[in-house]
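For reference, the structure is listed below as structure tokens.
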Amino acid sequence: MTDSRIRRVRESDVDAVVGLVHELAEFEKSPEECHLTAELLHAALFGEAPALFGHVAEVDGVVVGCALWFLNFSTWRGVHGLYLEDLYVRADQRGSGLGKSLLAALADECVRRGLGRFEWSVLDWNPATEFYRAMGAVAMDEWTVYRLSGDQLKALAAQA
């Protein structure tokens with residue numbers, strides 16, 4: 001059964017979602033790394049060729065949670081998958097089922113689209129890891145995430 005509090009993100013939600021992403025950055029102890037603005041998010045979600053998608057959780061007309069995601073691709077499976085970039089529910093709404101409902105909506109998106117898998121990354125210290133395991137999610141402990149950004153990204157690009 002679909003949770004009526006969960007819906008696709010709308011243009012009118014952009015400011016609220018930006019606020020939630022900044023709250024998430026605070027929660028993850030990295031607020032200085034979050035540079036998202038309403039203009040950037042609007043372009044990513046609703047621009048000429050959107051590559052970012054989203055769902056929000058709404059309670060009494062207020063957006064209190066969000067899930068931002070994009071498509072990835074598995075060469076081994078030969079099909080796209082869904083990658084959850086951010087999942088966040090305001091602290092005063094946690095335990096209300098909104099997080100699980102957001103994840104269920106994305107799982108439904110995967111099944112309806114014929115996507116091969118649903119993945120996301122979680123900081124090791126995040127207490128949500130138990131929540132994810134309880135839903136049947138499996139930690140990919142043998143994989144390590146690598147990232148290039150800033151000066152290191154530019155240095156490698158200069159070698160092209």
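Values quoted throughout were computed directly from the atomic coordinates according to the rules given, and no laboratory measurement underlies them. On a predicted model such as this, the values are computed, not experimentally measured, just so you know. All Cβ positions, even for glycine, are placed from backbone atoms using ideal geometry, and neighbour counts span all protein chains on display.
For the range 97-141, the list of chymotrypsin sites (Phe, Trp or Tyr not before Pro) that fall in a loop by DSSP and count at most 11 other C-beta atoms within 10 angstrom reads 125. Extension gain for residue 108-residue 12 works out to 32.2 nm (0.36 nm per residue, less the C-alpha to C-alpha distance). If R0 is taken as 22 Å, the Cβ-Cβ distance between residue 126 and residue 156 corresponds to a FRET efficiency of 0.15. Shape class of the range 17-124 from the alpha-carbon gyration tensor: prolate, with a/c at 1.5 or above and a/b greater than b/c. Once the C-beta distance of residue 149 and residue 59 is scaled by a Förster radius of 35 Å, the resulting FRET efficiency is 0.50 to the nearest 0.05.
Given +1 at the Cβ of Lys and Arg, -1 at the Cβ of Asp and Glu and no other charges, the dipole of the chain around its Cα centre is 620 debye to the nearest 20.
Modelled spin-label separation between residue 140 and residue 73, with each label point placed 7 Å from Cα along the Cα-to-Cβ direction: 1.6 nm.
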